[in-house]
Amino acid sequence: MKRYTTFEEIDRDLKYLKLKSQIDKEELKLSVTTTKEDFKDTFSPISIIGSMIGSIAQKALIVKIANSILGVKKVKEVKDPDE
């Protein structure tokens with residue numbers, strides 16, 4: 001624990017701590033505001049729909065590439081003329 005020898009030292013440290021507290025409060029306000037904006041951007045309907053479309057397109061592309069590499073082809077159903 002710090003030992004003070006004068007009231008000026010105490011006043012100086014109190015001013016410092018008060019300013020530090022104010023700075024911390026302002027940083028917290030900025031952080032909350034930024035977090036709210038990021039949340040709104042991330043979970044907006046347009047963002048969600050865009051992510052879904054991107055994900056579906058990516059999966060379709062992967063399946064198409066895998067099929068072309070593995071040589072998998074669609075099988076067409078042929079009707080039997082005897083039926």
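Readers should treat all values here as calculations from the given coordinates under stated rules, not as data from a laboratory. None of these values were measured; they are calculated from a predicted model. Here the Cβ is made from the backbone with ideal geometry for all residues, glycine too, and neighbour counts use every protein chain on show.
Taking every lysine pair in the chain that is 8 or more places apart or spans two chains, those with Cα atoms closer than 26 Å amount to 18. Taking each residue as 0.36 nm, the span from Gln58 to Arg3 lengthens on full extension beyond its C-alpha to C-alpha distance by 13.3 nm.
Compute the helix-to-body angle for 7-42: its Cα long axis versus the longest principal axis of the chain, expressed 0 to 90° and rounded to tens. With rounding to tens, the tilt is 20 degrees. With a simple spin-label model that places each label point 7 Å from the Cα along the Cα-to-Cβ direction, the separation between Asn67 and Ser31 comes to 5.0 nm.
Rounded to the nearest 20, the Cβ-based charge dipole of the chain about its Cα centre (Lys and Arg +1, Asp and Glu -1) stands at 180 debye. Seen from a random direction on average, the alpha-carbon convex hull of the chain projects onto 13.9 square nanometres. Within the chain, which is the longest segment containing none of the chymotrypsin sites (Phe, Trp or Tyr not before Pro) that sit in a DSSP loop and have at most 14 other Cβ atoms within 10 Å? The segment 44-83 is the longest one with no such site. For the pair Thr42 and Ile23 in one chain, pulling the backbone fully straight at 0.36 nm per residue adds 4.0 nm over the alpha carbon distance.
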